[in-house]
Structures are given as structure tokens and as C-alpha cells.
Amino acid sequence: MEKADIVIIGAGVVGLAVGAELVKAGKDVIIIERNNGFGRETSSRNSEVIHAGLYYPSESLKAKLCVEGNRKLYQLCNENNIPYKKSGKIIVAESNEEEEKIKQVLKQGTENGARGLRLISKSELQSLEPNIIGEMGLLSEETGIVDTHKLMSFYEHFITEKNSIISYNSTLTGVTKSQSGYILNISEPDGVSFELETSILINCAGLDCDKVASMIGLDIEKLGYTLSPCKGEYFRVSGRHRGKVSHLIYPVPTKISLGLHLVVELDGGLKLGPNAFYVDELNYNVDEGHVEQFFESGIRYLNFLKREDLSPDQSGIRPKLQKPGEVFRDFIIKDERDNGYQGLVNLIGIESPGLTAAPAIADYVFKLLFN
Ligand SMILES: Cc1cc2nc3c(=O)[nH]c(=O)nc-3n(C[C@H](O)[C@H](O)[C@H](O)COP(=O)(O)OP(=O)(O)OC[C@H]3O[C@@H](n4cnc5c(N)ncnc54)[C@H](O)[C@@H]3O)c2cc1C
């Protein structure tokens with residue numbers, strides 16, 4: 001049987017960031033990924049926004065790791081020529097009631113340690129973004145956008161050039177506890193399977209993190225690890241509007257998402273999204289019938305938008321812990337030794353801001369294991 005010191009399940013941005021952090025410290029790592037390349041699931045199906053850490057309750061992991069991840073991610077991009085743009089973001093208020101909500105976001109963001117926040121008046125909003133409708137706004141200067149593919153490609157290269165391994169087309173199908181750790185059963189597409197023993201196992205399996213935790217033997221219902229997948233679709237805005245907006249534009253947040261916002265991509269392309277609805281089945285189709293919802297949301301703040309400007313784009317699925325009607329749930333990043341699983345770290349419910357937070361999550365996991 002093959003042996004490893006550390007195995008990570010999942011080569012999304014989080015598994016890769018954790019892998020890179022460990023490799024940087026001189027550890028040997030094997031990453032097991034069922035797809036034929038990195039980031040084929042949630043990590044390539046998102047808004048690519050580097051968040052500043054505005055919305056999450058103080059002291060939550062989401063707040064702390066987002067604020068820290070924001071700083072670390074810009075530094076990583078600067079040091080390694082990973083394309084990004086600190087475009088800034090404006091949350092736009094349409095009414096007095098929304099002004100109050102925006103002030104609460106400012107208060108929360110400030111408490112969280114987010115930098116570069118200030119309220120802007122209607123006239124400043126108009127001078128910054130002449131094509132945006134709103135009564136006032138909250139400007140976040142530290143919000144930006146990153147080329148997620150290049151970020152993950154950087155991590156992949158960093159990990160493999162140091163002789164650690166990313167094993168693609170390899171699906172974890174079973175786990176047994178052994179004397180010195182865990183015996184993993186791994187299947188390949190040709191039907192061949194093999195066993196791999198590891199003393200440290202890190203579960204970064206995204207939408208299947210709960211299934212992997214259950215496979216290891218944890219009672220996921222009792223521990224509150226069961227996911228409620230929540231889909232988010234995007235609609236593209238016609239290329240004829242390219243260049244009309246430069247900041248990322250957000251409405252005030254809802255209970256389950258940041259609201260249907262305008263993403264200004266690195267190349268200036270515009271897309272609206274994501275919406276948010278819970279799903280039982282995981283597929284990435286975009287329902288063309290949802291165009292009306294996107295148009296109604298978009299015309300509230302985009303003065304140029306016509307219905308015919310919108311066409312279905314991509315979708316992603318949030319690995320949410322928060323069930324329909326529930327209140328806020330934080331990331332779970334847990335060393336499971338208290339539950340009788342020495343050397344196991346579970347990362348559960350790493351939805352937004354997981355991309356932003358990835359470098360800080362990696363540091364956090366490293367400290368859980370080695371401090
Ligand atoms: C619509 C949407 C918009 C978002 N926008 C943003 C944003 O703008 N900014 C931000 O910071 N965050 C955003 N996020 C969140 C961010 O995308 C995620 O937090 C992040 O991508 C999670 O990365 P991950 O590596 O944990 O998961 P994933 O990318 O899902 O990776 C998990 C990997 O595990 C693999 N895997 C699972 N089970 C097994 C198994 N049994 N064997 C082998 N491999 C397995 C999967 O194949 C997958 O590749 C958004 C999310 C969504 C859905």
C-alpha cells in the first residue's frame with residue numbers, strides 16, 4: 001500500500017491553497033481530485049471578487065479570514081504576477097430604508113477591520129459612476145477581482161514543482177481508520193482502485209465535504225455538517241455596454257446572499273448575478289426563464305439596461321450550511337481530534353468568501369495542525 005504524510009481531498013482553490021501552505025513549510029502532500037484538472041467545480045463558478053469582509057458577524061471565521069485573506073491575496077498576486085484589479089465596489093441604496101441598511105454594513109465592516117470604507121453621496125456616486133442609479137452608496141476601495149484560473153494555476157505549479165503530487169481523475173470512495181491514521185480507497189475512471197495510507201487527512205471536498213466527513217465515520221447530522229446546496233446563476237450583459245461601469249456594483253444584501261450584483265470582469269465584460277435558490281439536484285444549467293428576475297434587479301441600478309441585453313451565462317452552487325429559513329452559519333474548520341479522529345481536519349461549508357479567504361484558511365489549517 002502507498003503511504004503519504006498528508007493527503008488533501010479536493011483541488012479547488014481551498015485545497016490548493018492549503019496544499020501550497022504545507023509545501024511552503026517543507027511538507028510532502030498528495031492532493032486527491034476526482035476531476036481531470038483543478039477548480040472544475042465551485043472555484044471556477046463564482047464572481048471572482050476579492051471581498052473586503054463587510055457583512056459577516058464580528059469574530060466569525062468568515063469575517064476574520066476574509067479580512068486577512070483580502071490582504072494576503074493581493075500580496076500573493078503582486079508577488080507572483082497573478083492578474084487582478086482593485087476596482088472597488090459600491091453598495092447602492094435606492095431608498096431611505098436601504099440607507100439605514102448600508103450604514104449597518106459600514107458599521108459591521110468597520111468592526112471586522114475591513115479597510116477603505118466610506119459613505120458616498122448621490123452626487124459622488126454620479127460622478128464616479130454616471131450610469132448607476134442610486135440615492136447614496138458605500139464605497140469599498142479594497143474590493144477587487146482576481147483571475148481565479150491563474151491563481152489556481154499558480155498554486156498547482158507551486159505544489160507540483162516541489163515534488164508534491166496532485167492526483168487528478170482520482171475519487172475518494174472510502175476511508176478506514178488505521179493505527180497510524182487513515183486508509184483511503186481511491187478509484188480511477190478505468191475502474192482501477194488503490195489504497196493510500198496517510199497520517200494527516202484534510203477534507204477540502206467542497207460540495208461533497210459532508211459526504212466525505214460521513215465516509216470517514218463522523219455523524220454529520222449530529223455535528224451540524226450537512227450541506228444545503230444553494231445555486232447561483234449569472235446572466236451576461238451585452239458587450240455593447242462594456243466600459244460603462246468600472247466599480248463592482250451591489251444592491252443591499254439579502255439574508256442568504258450578497259444580492260444580485262454587477263460583476264465587472266478583468267477584461268471589462270459585465271455580468272449580473274448570482275441569484276440564490278436552494279436545490280436538491282446539482283447541475284449547472286442556467287434557466288433562461290429567470291431573465292425577468294435579472295432584468296428587474298438590474299434596472300434598479302443600471303440606467304442603460306434593456307431586457308434584450310441579457311443572455312444566460314454560467315452558474316455555481318454554494319456549499320451552504322445555512323438551511324432555508326435559518327440564520328447565519330459560519331465556516332467550520334475543525335481539527336477532529338476531540339471527536340476521536342486524530343490528524344483529521346474538516347473544512348465544511350466553505351461558501352463565499354471562500355475564494356478571498358483561501359490564503360488565510362490555509363494559514364489557519366496549518367496552525368491547527370502544527371502549532
Ligand atoms: C455563485 C457563487 C459565487 C461566489 N462568489 C465568490 C466571490 O466573488 N468571492 C469569494 O471570495 N467567494 C465566492 N464564492 C465562494 C467560492 O467560490 C468558494 O468558497 C470556493 O471556490 C470554495 O473552494 P473549495 O476548494 O472549498 O471548493 P471546490 O472548488 O468545490 O473544490 C472542491 C473539490 O473537491 C473535489 N472533490 C469532492 N469530493 C471528492 C472526492 N470524493 N474525491 C476526490 N475529489 C473530490 C471536487 O471535485 C472539487 O474540485 C462564490 C461561490 C458561488 C457558488
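Table for the structure above
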| read-out | value |
| --- | --- |
| Residue satisfying all of: in the range 283-340; among the polar types (S, T, N, Q) and outside any loop (DSSP other than H, G, I, E, B); farthest from Lys255 (Cα to Cα) among these | Asn339 |
| Pick from the range 1-36, criterion more than 9 Å from the ligand (Cβ to nearest atom) and of a type in the set (Gly, Ala, Ser), ranking: nearest to Ile200 (Cα to Cα) | Ala4 |
| Of all residues making up the range 38-73, the number that are more than 9 Å from the ligand (Cβ to nearest atom) and either farther than 25 Å from Asn112 by Cα or among the acidic types (Asp, Glu) (or both) | 2 |
| Whichever residue in the range 1-43 is among the basic types (Lys, Arg) and part of a loop (DSSP other than H, G, I, E, B) and, among such residues, is nearest to the chain's Cα centre (by Cα) | Arg40 |
| Search result, residues across the range 133-152 that are near the ligand (Cβ under 10 Å from one of its atoms) and either modelled with pLDDT under 95 or among the β-branched types (Val, Ile, Thr) (or both) | Thr143, Ile145, Val146, Thr148 |
| So Gly116, is it in contact (Cβ under 8 Å) with a residue 60 or more places away in the chain, under 25 Å from Ala360 (Cα atoms) and surrounded by fewer than 16 Cβ atoms within 10 Å (Cβ to Cβ) | yes |
| Residue match in the range 304-319 (condition: of a type in the set (Gly, Ala, Ser) and free of Cβ contacts under 8 Å to residues at least 24 places away in the same chain) | no |
| Test: residue in the range 279-298 that is buried (at least 19 other Cβ atoms within 10 Å of the Cβ), within 22 Å of Glu99 (Cα to Cα), away from the ligand (no atom under 14 Å from the Cβ) and over 18 Å from the mean Cα position of the chain (by Cα) | yes |
| Residue among Ile256, Ile220 that alone is under 17 Å from Glu326 (Cβ atoms) and assigned by TED's automatic domain parsing to the domain that holds Cys209 | Ile220 |
| Given (1) more than 16 Å from the ligand (Cβ to nearest atom); (2) assigned to a strand (DSSP E or B); (3) surrounded by 20 or more Cβ atoms within 10 Å (Cβ to Cβ), number of the condition Ile102 does not satisfy | (2) |
| Some residue of the range 50-68 being assigned by TED's automatic domain parsing to the domain that holds Ile159, at pLDDT 95 or above and surrounded by fewer than 19 Cβ atoms within 10 Å (Cβ to Cβ) | no |
| Within the range 159-177, tally of residues that are surrounded by fewer than 19 Cβ atoms within 10 Å (Cβ to Cβ) and in contact (Cβ under 8 Å) with a residue 12 or more places away in the chain | 10 |
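Here's the yes/no breakdown for (1) buried (at least 19 other Cβ atoms within 10 Å of the Cβ); (2) under 24 Å from the mean Cα position of the chain (by Cα); (3) more than 11 Å from the ligand (Cβ to nearest atom):
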site: Pro312; (1), (2), (3): no, yes, yes
site: Leu321; (1), (2), (3): yes, yes, yes
site: Pro324; (1), (2), (3): no, yes, yes
site: Tyr341; (1), (2), (3): yes, no, yes
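The values are calculated or read from the model by the stated rules, or taken from the named source; none is laboratory data. What you see is a predicted model; the values in this text were computed from it and never measured. Glycine also receives a Cβ, built like all others from the backbone with ideal geometry; neighbour counts cover every protein chain displayed.
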